[in-house]
Amino acid sequence: MLNLTGKNALVTGIANNRSIAWGIAQQLHKAGANLGITYLPDERGKMEKKVAELVEPLNPNLFVPCNVEQDEQIQSTFDLIRDQWGKLDILIHCLAFANKEDLSGDFSQTSRSGFNKALEVSTYSLVRLCGAAKPLMTEGGSIVTLTYLGGVRAIPNYNVMGVAKAGLDASVRYLAAELGPTNIRVNAISAGPIRTLASSAVGGILDMIHHVEQIAPLRRTVTQLEVGNAAAFLCSELASGITGQVLYVDAGYEIMGM
Ligand code: 0WE
């Protein structure tokens, strides 16, 4: 039923084996998709080596550096897709960044540059990648991004990232409206808190996870592979009628009143 054979999928945002993007890549591979992987390049080539080793078992036939703050890198990523694949079917956006000092303390003290940085990397990057993907999704397509409840509720310390996720959720709706007529669907998954490289750097994440384990209907947090399954579903024909939505993969936490 869930079959992505013959589909070309570009996955962004894999940093290590705890990345949600890694969980998504594994499930897309399992469903038969052909994978392209982007990574955030650093001067020493450390990330390239680490991510390359990790994704090797999924036999990606595209492995490209892509820092979304650099227009040229986005351009060359999609030029490569056009040259190597001819068409793109699936785009997975799992990118976010805010300065550490903007993820605690008073939101009203967020600097102009910190605000701009968070929205550029976490929000504008989706818009830019969709703009680049649009001409390559000639047979329709599916775009999935990761959002978080902190874009809808004021979650302690999430601060500027909450504003970035609110902008991301709105961007999903505007992109879905624009791209729908060419049969490109755009959706977000709102994942519950998971221990990843990004979240582990956040003070109090273990307390948050413990709280979710007490409150969520399923009395646990979710895994990267569960998020991956939802992403594979959204990318498949099974979700052909779904666009512009936020799908909660959070063990039910969002529905609870306390
Ligand atoms: O969206 C996220 C992670 C966002 C994030 C995390 C970091 C930490 C290290 C973005 N940029 C950075 N920059 C760093 O330097 N999540 C949903 C996970 C997360 O982050 C939080 C959370 C949760 C949950 C931040 C504060 C409070 C809760």
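Looking only at segment 149-195, filter to residues that are surrounded by 15 or more Cβ atoms within 10 Å (Cβ to Cβ) and more than 16 Å from the ligand (Cβ to nearest atom); which one of those is farthest from the chain's Cα centre (by Cα)?
To start, the set of residues in segment 149-195 that are surrounded by 15 or more Cβ atoms within 10 Å (Cβ to Cβ) comprises 149-152, 155, 157-169, 171-173, 175-176, 179, 184-194.
Next, from what is left, pick out any that are more than 16 Å from the ligand (Cβ to nearest atom): 173, 175-176, 179, 184-187.
Values: Arg173: 16, Leu175: 15, Ala176: 16, Leu179: 18, Ile184: 17, Arg185: 15, Val186: 12, Asn187: 10 Å.
Within segment 149-195, the match that is farthest from the chain's Cα centre (by Cα) is Leu179.
Please find, among Asp79, Asp71, Asp89, the residue that is under 17 Å from the mean Cα position of the chain (by Cα) and more than 16 Å from the ligand (Cβ to nearest atom).
Result: Asp89 is the single residue among Asp79, Asp71, Asp89 that is under 17 Å from the mean Cα position of the chain (by Cα) and more than 16 Å from the ligand (Cβ to nearest atom).
Restricting to segment 121-152, count the residues that are more than 21 Å from Thr196 (Cβ to Cβ) and either without any contact (Cβ under 8 Å) to a residue 24 or more places away in the chain or out of contact with any strand residue (DSSP E or B) (no Cβ under 8 Å at 6 or more places or on another chain) (or both).
Adding up the residues that qualify gives 9.
How many of the residues making up segment 99-117 are charged (D, E, K, R), within 18 Å of Ile155 (Cα to Cα) and without any contact (Cβ under 8 Å) to a residue 40 or more places away in the chain?
Residues flagged as charged (D, E, K, R), within 18 Å of Ile155 (Cα to Cα) and without any contact (Cβ under 8 Å) to a residue 40 or more places away in the chain within segment 99-117 amount to 2.
Mind checking whether some residue in segment 156-171 is hydrophobic (A, V, I, L, M, F, W, C) and closer than 23 Å to Asn229 by Cα?
yes
How about segment 116-160: which of its residues are over 25 Å from Ala239 (Cα atoms) and β-branched (Val, Ile, Thr)?
Val121, Ile155, Val160
For segment 187-211, which residues satisfy the criterion of being closer than 28 Å to Ser240 by Cα and of a type in the set (S, T, N, Q)?
Selection gives Asn187, Ser190.
Residue by residue, here is whether (1) more than 18 Å from Ser236 (Cβ to Cβ); (2) part of a helix (DSSP H, G or I) holds:
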| residue | (1), (2) |
| --- | --- |
| Asn3 | no, no |
| Asn16 | yes, no |
| Ile24 | no, yes |
| Leu28 | no, yes |
| Gly32 | no, no |
| Leu35 | no, no |
| Thr38 | yes, no |
| Lys50 | yes, yes |
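So the check is Cβ under 7 Å with 6+ separation or different chains; which pairs have a first residue in segment 159-180 that's at positive phi and a second one that's away from the ligand (no atom under 15 Å from the Cβ) and not in a helix (DSSP H, G or I)?
none
Counting only residues that are surrounded by fewer than 16 Cβ atoms within 10 Å (Cβ to Cβ) and of a type outside the set (D, E, K, R), give me the helices (runs of 4 or more DSSP H) lying completely in segment 58-148 with at least 3 of them.
Here the list reads 71-85.
Each value in this text was obtained by applying a stated rule to the coordinates, not by laboratory testing. For clarity, every value in this text was computed on a predicted model and none was experimentally measured. A quick note on method: Cβ atoms are made from the backbone with ideal geometry, for glycine too, and the neighbour counts reach across all protein chains shown.
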